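Below is one structure, written out as C-alpha cells, with a few remarks after it.
The values are calculated or read from the model by the stated rules, or taken from the named source; none is laboratory data. Note that this is a predicted model, so its numbers are computed, not measured. Heads up, the Cβs are rebuilt from the backbone with ideal geometry, glycines too, and the neighbour counts pull from every protein chain shown.
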Amino acid sequence: MIESLLNNNMAWASARVRADSQFFRRLSEQQSPEYLWIGCSDSRVPANEIVGLDPGELFVHRNIANLAPPRDINFLSVLQYSVEVLKVRHIIVCGHYGCGGVRAALDTERRGLIDHWLQPVTELARAHADHLDTITDFEGRVNLTCELNVRAQVEYVGRNPFVADAWRRGQKLAVHGWIYSIRDGLLHDLELTIENARDVDALVRRRWSSNA
Ligand SMILES: [Zn+2]
C-alpha cells in the first residue's frame with residue numbers, strides 16, 4: 001500500500017532524530033558530500049545503502065545502465081555542480097552484473113526510446129565484438145559488457161572538460177570504476193582509477209594494448 005511508504009518515512013525520521021537530535025538541522029544547512037555516484041537506476045542497487053553512507057554524504061546520479069553521456073544535459077549539470085560547487089573528491093562510476101539495460105543493448109528486440117538511450121552500449125559491444133563473440137553464453141557476454149561499459153564511462157568522465165579543467169586547476173579529484181554483484185551484495189573495484197589527464201591516456205592505451 002502506498003500509505004505504508006509515508007508511515008515508513010515517519011518512523012525513519014523519528015529514529016534518526018532519536019539517534020542524533022541535530023541530524024536534520026545540520027543537513028538542512030548544507031550538504032558537503034565527498035563523493036559523486038554515477039549508477040544504474042536498477043532498484044536492486046541502492047547507492048547510499050550499499051556503501052553505508054548517510055544522507056548528505058553521497059551526491060547521486062542514476063540512469064539506465066549507469067551512463068555518463070557527453071551530451072546529456074542532466075548528467076552534465078550533475079557533473080559540473082558536483083565538481084565545481086560541491087568539490088567532490090571522488091567520482092564513482094558503478095555498474096552491476098546482469099544489468100537489464102546492458103542486456104537490452106545486446107539483443108535486437110525493439111523497446112522504444114530506451115533503444116536510443118542504450119545506443120552507446122550497443123556501439124561499445126560492436127567495437128568489442130571479436131572478444132565478446134568468444135563467450136558462448138549470453139549472460140557471460142552481458143557481464144563482460146557491463147565491465148566494458150563501466151570502463152567506457154570512466155573514460156568519458158576523465159575526458160570531460162569539467163573534470164579536465166578541475167585537474168588543470170590542481171583540484172584533487174579521482175574517478176573510479178566499480179561493479180556491483182546483486183547475487184552477493186559485494187562491490188568490486190575494476191582498478192580503473194584515474195587522478196589526472198595522464199592517467200586517462202594510460203587507461204586508454206591499456207585498453208588498446210589488451211584489446212579488452
Ligand atoms: Zn542496470
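Quick look at the values:
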{"read-out": "Total residues in the range 20-38, condition part of a strand (DSSP E or B) and among the aliphatic types (A, V, I, L, M)", "value": "2"}
{"read-out": "Odd one out for Leu67 among (1) within 22 Å of Ala202 (Cα to Cα); (2) assigned to a helix (DSSP H, G or I)", "value": "(2)"}
{"read-out": "Filtered residues of the range 16-59 (kept if of a type in the set (Lys, Arg) and more than 13 Å from the ligand (Cβ to nearest atom))", "value": "Arg16, Arg18, Arg25, Arg26"}
{"read-out": "Any helices (runs of 4 or more DSSP H) falling wholly within the range 95-207 and containing at least 1 residues that are among the β-branched types (Val, Ile, Thr), buried (at least 16 other Cβ atoms within 10 Å of the Cβ) and at pLDDT 95 or above", "value": "100-106, 119-127, 138-159, 161-168"}
{"read-out": "All positions within the range 67-86 that are within 16 Å of the ligand (Cβ to nearest atom), of a type outside the set (Phe, Trp, Tyr) and surrounded by fewer than 21 Cβ atoms within 10 Å (Cβ to Cβ)", "value": "Pro69"}
{"read-out": "So Arg89, is it surrounded by fewer than 16 Cβ atoms within 10 Å (Cβ to Cβ), away from the ligand (no atom under 16 Å from the Cβ) and under 19 Å from the mean Cα position of the chain (by Cα)", "value": "yes"}
{"read-out": "Unmet criterion (only one of (1) more than 16 Å from Val93 (Cα to Cα); (2) in contact with a helix residue (DSSP H, G or I) (Cβ under 7 Å, 6 or more places away or on another chain); (3) in contact (Cβ under 8 Å) with a residue 12 or more places away in the chain) for Val157", "value": "(1)"}
{"read-out": "Test: residue in the range 42-49 that is closer than 30 Å to Ala65 by Cβ and hydrophobic (A, V, I, L, M, F, W, C)", "value": "yes"}
{"read-out": "Close pairs (8 angstrom Cβ cut-off, 6 or more residues apart or separate chains): closer than 19 Å to Lys87 by Cα in the range 54-73, at pLDDT below 95 and assigned to a loop (DSSP other than H, G, I, E, B) anywhere", "value": "Gly56/Gln31; Gly56/Ser32; Phe59/Gln31"}
{"read-out": "Flag if Arg62 is more than 14 Å from the ligand (Cβ to nearest atom), among the charged types (D, E, K, R) and either assigned to a strand (DSSP E or B) or exposed (fewer than 12 other Cβ atoms within 10 Å of the Cβ) (or both)", "value": "no"}
